[in-house]
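Worksheet: the structure to be examined is printed underneath.
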Amino acid sequence: MFSVTTRDELARFEPGSRCCMLAESAAIARMTGRFAGGRWPGCLGRFEMATESAALARRIVSFMRDLFDLRPSVKAARRKGGALGNLYVVSVPYDEKARAALGEMGVVSKRQGHDGRGAMRPGVPWGLLSKQCCRRAYLRGAFLARGYVQNPGKAYHLEIVTDVEPHARGIVRIAESFGVAARMSRRRRGYMVYVKGGDDVAQLLRVTGAHASVIALESVRVMRGVRGDVNRAVNCDTANVAKAIDAGIAQVESIRELMAHIGMASLTPGLQEIARLRLEHPEASLKELGEMLAPPITKSAANHRMRRLVDLARRAGRN
Ligand SMILES: [Zn+2]
């Protein structure tokens, strides 16, 4: 029940600016969407987003209209196995306009796949998440799409389920940037990102904007007399993760600029390696990037190479 009221609250959250709407939609489309139909030549079928929540279905329709001028249709269907509750399927024909929308949301790669559909991107679209407001929105969308929170009277547990590991890791990383200790574990189908403990569950709900749910949770905690030190929420770990993500995104921009000016081939192999890794992992710390190299290099060596890249980009930009 607590989970349902939390999702209902979030499904009515004032979306704010376009950037946040885009980020939230990206999470929802990525996590509830799939391609359907259109297996014959010349027909690309539909893109369908399925949810059990009528409020979320309405939110998807209005976001698609406001952001992309798309007019999705909504069908209510019984869930497979005759389980209780409806399933709402929001669907758009997969035409040029829908393809552009999914490209802008970073859900599918803009490059066209062999079947004309493009492929679902595995990771989180970091390019849309350079602002904190948008990272909040992405978590909100992820929770709306596939989230669940246990009734606080029973346990402090919140989870978000997603299909592939890079996406789960991205969600963990975003949560960490707000000081939430998130973990992930493998499921029979997909991956579960989960948060335990009153402080962390409350903080994650607060970040997504579920303020009424936070109040409800906190009052349960007060009654149970197990209220922890909520004020520790902002510790230096948080600030560091957020800073690392900001720096990573800035480095990606520098590298892209460098590519545009001089191209990858003119860089030394060492610089190429780290540039490529950074483009693939905008969220990773320099220490992590260094460890991904074979053979691995130290944080300070990774830092040295990155500085060199940023410096080259700055000079290339000036010429
Ligand atoms: Zn935003």
Single match in I174, I215 (criterion: out of contact with any strand residue (DSSP E or B) (no Cβ under 8 Å at 6 or more places or on another chain), within 21 Å of A242 (Cα to Cα) and either open to solvent by 10 Å² or more (accessible area, probe 1.4 Å) or not hydroxyl-bearing (S, T, Y) (or both)) = I174
Which number in (1) open to solvent by 20 Å² or more (accessible area, probe 1.4 Å); (2) away from the ligand (no atom under 16 Å from the Cβ) marks the one condition that T6 misses?
-> (1)
For K299, all conditions in the list (1) touching a Ser or Thr at 6+ places or on another chain (Cβ under 9 Å); (2) open to solvent by 40 Å² or more (accessible area, probe 1.4 Å); (3) modelled with pLDDT under 90 hold save one; what is the number of the exception?
-> (3)
Among the numbered conditions (1) over 28 Å from V4 (Cβ atoms); (2) crowded, with 17+ Cβ neighbours inside 10 Å, tell me where C43 comes up short.
-> (2)
Is there a residue being open to solvent by 40 Å² or more (accessible area, probe 1.4 Å) and at pLDDT 90 or above anywhere in region 20-32?
-> no
What are the residues in region 100-155 that are among the charged types (D, E, K, R) and either modelled with pLDDT of 90 or more or within 16 Å of the ligand (Cβ to nearest atom) (or both), if any?
-> E104, K131, R135, R136, R140, R146
Of the residues A168, A137, which is over 15 Å from A202 (Cα atoms), in contact with a Cys (Cβ under 9 Å, 6 or more places away or on another chain) and buried (at least 22 other Cβ atoms within 10 Å of the Cβ)?
-> A137
Of all residues in region 140-162 being assigned to a strand (DSSP E or B) and open to solvent by 10 Å² or more (accessible area, probe 1.4 Å), the one that is farthest from A202 (Cα to Cα) = V161
Matching residues in region 11-58 - criterion: being in a helix (DSSP H, G or I) and within 16 Å of the ligand (Cβ to nearest atom) = R18, C19, C20, M21, L22, A23, E24, S25, A26, A27, I28
Could we say that V161 is of a type in the set (A, V, I, L, M), without any contact (Cβ under 8 Å) to a residue 60 or more places away in the chain and either closer than 29 Å to R221 by Cα or not assigned by TED's automatic domain parsing to the domain that holds A242 (or both) here?
-> yes
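The values are calculated or read from the model by the stated rules, or taken from the named source; none is laboratory data. Note that the structure is a prediction, hence the values are computed from the model and not measured. Reconstructed Cβ throughout: ideal geometry from the backbone, glycine too, with neighbour counts over all protein chains shown. SASA here: full protein model, heavy atoms, side chains in, ligands and nucleic acids out. Shrake-Rupley method; radii C 1.70, N 1.55, O 1.52, S 1.80 Å.
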